[in-house]
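The values are calculated or read from the model by the stated rules, or taken from the named source; none is laboratory data. Keep in mind that this is a model prediction, so the values were computed, not measured. Ideal geometry is used to build each Cβ from the backbone, glycine not excepted, and the neighbour counts take in all protein chains shown. Just so you know, the surface numbers come from the protein's heavy atoms only, side chains and all, with ligands and any DNA or RNA stripped out. Shrake-Rupley method; radii C 1.70, N 1.55, O 1.52, S 1.80 Å.
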Amino acid sequence: MTSESPPPESTDPAQAGPTCFRHPDRETYVRCTRCERPICPDCMRTASVGFHCVDCVAEGNRTVRQARTVFGGRLTQAPYATWTLLGLIAVCFLAQQVRPELTYDFGMLGLGLLPGDVLGGVLIGEWYRFLTSAFFHVGWWHLLFNGFALYVIGPNLERALGHARYVALWVLSAVSGSVLGFLATPYELSVGASGAIFGLFGAALVIGRRLGLDTKFLLGLVGLNLVITFVVSGISWTAHIGGLVGGVVLALVYAYLPRAGHGGATKRSRSRAGIHAALTGGYAALLLGLVVAGMSLYG
């Protein structure tokens, strides 16, 4: 009896099966129905007919126009910006309970003496106060009113405008209130998100009218709050009026401009985004110019 060893396996590449174009060590007999390159299970994406490779799927996604809101913003899955703002406001308020001096360190102030006879304010270079003042509050009622208003109005506006326009609206409305306070009452300390909230009120009115919605209730709410602003003592009217003006101006830009467009949908979307970005930047530049003018006046 004789024994024979099995013949050696062939190492000829010509006799080997096809391998995945992204993973050469994986043999596969499935090909992408678009580019016909062999693909392994990790590189397969189910298509209406057969499978596509990840490269073809990525290339196809680049040619698909992203869905937009009626005002040009990207569709939002959730109001992440509103939640983030609410979280920041809550964290800052809790920090105030531990360190009450934060109110004086970050509140809006043109120029004045703080506790300990320390000089502070925008006029000595503390420009951050224009925005940081919106995240601090005096007392629970102040916090709850602004927080509840942001929780109710913010998500709907964020869904209508998209994250970027909404954040720009909130920030510039808050800064608008601070700028008016700097110009009209430079020696008074103020804190609170009221300027931003009134900006959201104004924007909601404009956008509601643009969409043909009934805004009578909102108009009455804004009117009532304006009355309270001037009747109740201790309320910063400059923050409310400045924020309201800022919100209305920016909402008019986002809701009505440009009036008409030519070309494809993608071209119109880019044109509108460019116009909105330019005018938003222009409004921010206007606020900066007012601050510079105020500094020359009071400095």
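Among residues of the range 96-109 that are under 13 Å from Val138 (Cα atoms) and charged (D, E, K, R), those with a Cβ under 9 angstrom from a residue that is open to solvent by less than 80 Å² (accessible area, probe 1.4 Å) and assigned to a loop (DSSP other than H, G, I, E, B), sequence gap 6+ or separate chain, pair up as Glu101/Gly116.
A single member of Leu172, Leu221, Leu180 is over 30 Å from Glu101 (Cβ atoms) and part of a helix (DSSP H, G or I), and it is Leu221. Here Ser176 meets the list (1) among the small types (Gly, Ala, Ser); (2) under 18 Å from Ala251 (Cβ atoms); (3) surrounded by fewer than 16 Cβ atoms within 10 Å (Cβ to Cβ) almost entirely, failing just condition (3).
Residues are listed down the side, and each one gets a yes or a no for (1) closer than 30 Å to Val253 by Cβ; (2) open to solvent by 50 Å² or more (accessible area, probe 1.4 Å):
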{"site": "Thr46", "(1), (2)": "no, yes"}
{"site": "Pro79", "(1), (2)": "yes, no"}
{"site": "Thr82", "(1), (2)": "yes, no"}
{"site": "Ile89", "(1), (2)": "yes, no"}
{"site": "Ala95", "(1), (2)": "no, no"}
{"site": "Tyr104", "(1), (2)": "no, yes"}
{"site": "Glu126", "(1), (2)": "yes, no"}
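Screening the range 183-201 for residues that are part of a loop (DSSP other than H, G, I, E, B) and not polar (S, T, N, Q) and picking the one that is farthest from the chain's Cα centre (by Cα) gives Tyr187. Those helices (runs of 4 or more DSSP H) of the range 58-151 in which 1 or more residues are more than 30 Å from Ser269 (Cβ to Cβ), within 18 Å of the chain's Cα centre (by Cα) and not small (Gly, Ala, Ser) occupy 80-98, 129-132. Checking each residue in the range 253-270 for being modelled with pLDDT of 70 or more, outside any loop (DSSP other than H, G, I, E, B) and either among the aromatic types (Phe, Trp, Tyr) or open to solvent by less than 60 Å² (accessible area, probe 1.4 Å) (or both) picks out Val253, Tyr254, Ala255, Tyr256, Ser269.
Of the candidates Ala239, Ala273, Ala204, Ala278, the single residue that is under 19 Å from Gly73 (Cα atoms), assigned to a helix (DSSP H, G or I) and open to solvent by less than 40 Å² (accessible area, probe 1.4 Å) is Ala204. Looking at the range 162-171, which of its residues are open to solvent by 20 Å² or more (accessible area, probe 1.4 Å) and either of a type in the set (Phe, Trp, Tyr) or closer than 16 Å to Gly195 by Cβ (or both)? If the condition is that a residue be open to solvent by 20 Å² or more (accessible area, probe 1.4 Å) and either of a type in the set (Phe, Trp, Tyr) or closer than 16 Å to Gly195 by Cβ (or both), then Val167, Ala168, Val171 are the ones that fit.
Tell me, which residue of the range 48-62 that is surrounded by 12 or more Cβ atoms within 10 Å (Cβ to Cβ) and not β-branched (Val, Ile, Thr) is modelled with the lowest pLDDT?
Gly60
Among residues belonging to the range 128-161 that are hydrophobic (A, V, I, L, M, F, W, C) and farther than 20 Å from Leu200 by Cα, point out the one that is surrounded by the most Cβ atoms within 10 Å (Cβ to Cβ). My answer is Val138. Residue check: Gly50 meets all listed conditions (1) on the phi < 0 side of the Ramachandran plot; (2) without any contact (Cβ under 8 Å) to a residue 24 or more places away in the chain but one, namely (1).
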